Structures are given as structure tokens and as C-alpha cells.
Amino acid sequence: MTQPARSVGRSMAENAPIGVFDSGVGGLSVLREIRLRLPRESLLYLADSGYVPYGEKSPEFIRERCRSIAAFLLEQGAKALVLACNTATAAGIAELRELYPQIPLVGMEPAVKPAAQATRSGVVGVLATTGTLRSARFAALLDRFASNVRVITQPCPGLVECIEAGELSAPATRALLETFVQPLLEQGCDTLILGCTHYPFLKPLLAEILPSTVTLVDTGAAVARQLEAVLAARNQLAGGEPNTRFWSTGEPQRLVEVLPILWGEGAAVTYYPG
């Protein structure tokens, strides 16, 4: 995640919206945390569902998507951008910071540090996409924070698609999740990092599958705190009447159908062809 920017005064209207994007609906887990932390902020959310999942795509492709979406959200007046996707952050945030040095950017990264601090057995499991696990950013996190623990990584192909469909407790989702989790448990994992923003929506299902001794760790709340710090440092915290707008690069009706499940309320969704 970014470090808080130093105060630069009111360079943009404080009531401008915050732009948030993800490969699909997973970033709604982060959007929920932002709304809880910053209830007076207006939000723009773009689900890049026409290209989901990012996890198996090349870093070059993901960087192109990040450039396109960031440009669109800034055209909508966003005062800050949140990359609510671990894979997009790993592939694209460095380039976006070069392109938009004046815009606060907050990204995601797997919660290796808090997990390493929380484990009692010394074994930490990571559920994430292939793209995140292969990234240099993730390798650097392990080098920096996990030298004294054993980290077992588990790519989860197919899981994002289940969540995109709103199938949070379906038998197929449960079977897939059990397949990914069981090897980690067999190796003594007592702390599990949810390394994709889609996965927090599976916490109720994980609570049924995992022993009560296993701790789940994700970074949505930390990202919301970081965003608050960045905006406060720039005197850009909002004080107006908030609203939230949604776009999708996939079929808008699919997002309309899962919003009540994943966001907690319905909303209109506009198609974005970019």
C-alpha cells in the first residue's frame, strides 16, 4: 500500500469521488470497508468483468487494463484511485504512479506481515491468484516479513468465477474451496491469508470448513484506513452528501444481480466498453 502523502493543500475539490476498480466484483469487499470507514465519501466502482479473472493473464495485459480504467475514472472526476485487486496492484500500480504522480493511489497486497505476527504454529497459508503469487511484489513481501515463518501458497483457479456468479455457498464452491484449503491444514497452517479481494466474501463458508483455531487475514480494512490517512494529509476528506456509481465492462445485468448479495443493496450499473 502507499505511504500517506504529505499535505499538499486542497489541490482538488474534497467532495470529488474516489475511484475504485477490480477485475470484477471482488473489489466490492474493499468498497464496503471504504464506505464503513469513510461514509461521507462518494464512490465510483468499475468492475472489469469483461476480462475477469486477472490471475491467469499476463502482467502486460493487466497494465493495459489498469491504464484504461484509471484514465476513465479520472475523467469521471476521481480525486484518488484504489486498486482493489492484488493482481492489478502487483502488475500495474508502479506504472500508474509514474503516469499520475499528482493522484493518490492506494493498492492491495497480501497481508503477509500481520499473518506472520499472528501465527502460533509458524505456518501461514496463502490463498491467491496465480498472478499474485508469481509477482515480484509478493516475493518481496515474503523476503521482508516472512523470514521466520513457513509460508505455503495455494493458487485458486476457478474460485473467482464462483464469486463473480454470486455462488458463495454453492456445493461446487464449497468443494473447490475444500480442495484448496485441505493441503494447507495438513501442513499445520493456523493462519490463512485471503490474498484476493474476492475471497473475503467466502468467510462464512470458510468458517464452516476451517477449524476454529485458524485465523483469517485480509487487507480491506487496512486499505480503507490507508485511504483515509492519504486524503486527510491532502485535506481532501469529503463533507458532502455521498453517492455511489457503478460500471462494468461485462454484462451490466450480472453485476446488478450480485450487488444485493455482495454490496448489500441494489444499484444501477452502466456498461463501460473500454
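None of the figures in this text is laboratory data; all of them are computed from the coordinates on show. Being a predicted model, the structure only gives us computed values, none of them experimental. Every residue, glycine among them, receives a Cβ derived from its backbone with ideal geometry; neighbour counts consider all protein chains shown.
Note on the stretch 112-218: Rg/Rh from Cα positions, Kirkwood definition for Rh, rounded to two decimals, is 0.95.
Here is the list for the stretch 129-170: GluC sites (Glu not before Pro) lying in DSSP coil, each with at most 16 other C-beta atoms within 10 angstrom of its C-beta, are Glu167. Our helix-only sum for the chain, with -39,500 (n - 2.57) per DSSP H run of n ≥ 4 divided by its residues, gives a mean residue ellipticity at 222 nm of -13000 deg cm²/dmol. Simple point charges give the picture: +1 on the Cβ of Lys and Arg, -1 on the Cβ of Asp and Glu, and for the stretch 209-274 a dipole about the Cα centre of about 180 debye.
Under the criterion of Cα pairs below 8 Å and six or more residues apart, the relative contact order for the stretch 1-157 equals 24 percent.
Placing +1 on each Lys and Arg Cβ and -1 on each Asp and Glu Cβ, with no other charges, gives the stretch 86-175 a dipole about its Cα centre of roughly 440 debye. Please list, in order, the residues from the stretch 39-53 whose amide nitrogen is less than 18 Å from a point placed 7 Å along the Cα→Cβ vector of Tyr271. The answer is 46-52.
Using alpha carbons only, how many degrees (0 to 90, rounded to 10) separate the axis of helix 59-75 from the longest principal axis of the chain? The answer is roughly 30 degrees. Once you sort the root eigenvalues of the Cα gyration tensor of the stretch 178-274 as a ≥ b ≥ c, which label holds: rounded (a/c under 1.5), prolate (a/b larger than b/c) or oblate (the other case)? Oblate, since a/c reaches 1.5 and b/c is not below a/b. Ranking Ala90, Thr119, Val106 by Cα position along the charge dipole of the stretch 56-125, where only Lys, Arg, Asp and Glu carry charges on their C-beta atoms, puts Thr119 farthest toward the positive end.
In this Cβ point-charge picture (+1 for Lys and Arg, -1 for Asp and Glu), the stretch 112-218 has a dipole of about 440 debye about its Cα centre. Modelled this way, with points 7 Å down the Cα-to-C-beta line, the labels at Thr179 and Glu257 are 2.3 nm from one another.
Where (i) 62, 21, 17; (ii) 29, 21, 17; (iii) 24, 21, 19 are the candidate values, the label of the one calculated here for semi-axes √(5λ) of the Cα gyration tensor in Å is (ii).
Sorting 40-53, 109-122 by their mean Cβ neighbour count within 10 Å, with the most densely packed peptide first, gives 40-53, 109-122. Only one residue of Ile152, Asn15, Ala267 has its Cα farthest out toward the positive end of the dipole of the chain, where Lys and Arg carry +1 and Asp and Glu -1 on Cβ, and that residue is Asn15.
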